[in-house]
Amino acid sequence: GMAATGRVVVTSGQIGWEPTTGAFVSDDFAEQAAQALRNVVAVLRAGGAEPRHLVRLTWYVTDRAAYVAARRAVGAAYRAIVGAHYP
């Protein structure tokens, strides 16, 4: 969701699904993480912000082993989608 007041845009609940279809993009951990990041960026842009304006990201991971195995791909997706901004 999105709530905007003044210069603050707050997003929550972004997950790895394609918002137009409501379907998960893949069973792949890294691809779902990439889609979640694309969703965050889309919400920011809808609120007039950009990825460089991010001040905090919280990741909830239910499978630590899957995260560890995919962390390089997740990092590459982050850099491709968000850039070199690390809140």
Pick out the one residue from THR11, THR5, THR21 that is open to solvent by 80 Å² or more (accessible area, probe 1.4 Å) and at pLDDT below 85.
THR5
Would you be able to tell me the number of residues in the range 43-66 that are under 15 Å from ALA77 (Cβ atoms) and either in a helix (DSSP H, G or I) or in contact with a Ser or Thr (Cβ under 7 Å, 6 or more places away or on another chain) (or both)?
2
Quick check on my filter: what residues within the range 62-75 are over 13 Å from the mean Cα position of the chain (by Cα) and without any contact (Cβ under 8 Å) to a residue 40 or more places away in the chain?
THR62, ASP63, ARG64, ALA65, ALA66, TYR67, VAL68, ARG71, ARG72
State which residue is nearest to GLN14 (Cα to Cα) when the search covers only the range 27-44 and only residues that are in contact with a helix residue (DSSP H, G or I) (Cβ under 9 Å, 6 or more places away or on another chain) and open to solvent by 30 Å² or more (accessible area, probe 1.4 Å).
ARG38
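The values are calculated or read from the model by the stated rules, or taken from the named source; none is laboratory data. Please read all numbers here as calculations on a predicted model, not as lab measurements. FYI the Cβ positions are ideal-geometry reconstructions off the backbone, even for glycines, and counts take in every protein chain you see. The protein model used for the area step is the full one, side chains on, heavy atoms only, and it has no ligands, DNA or RNA in it. Shrake-Rupley method; radii C 1.70, N 1.55, O 1.52, S 1.80 Å.
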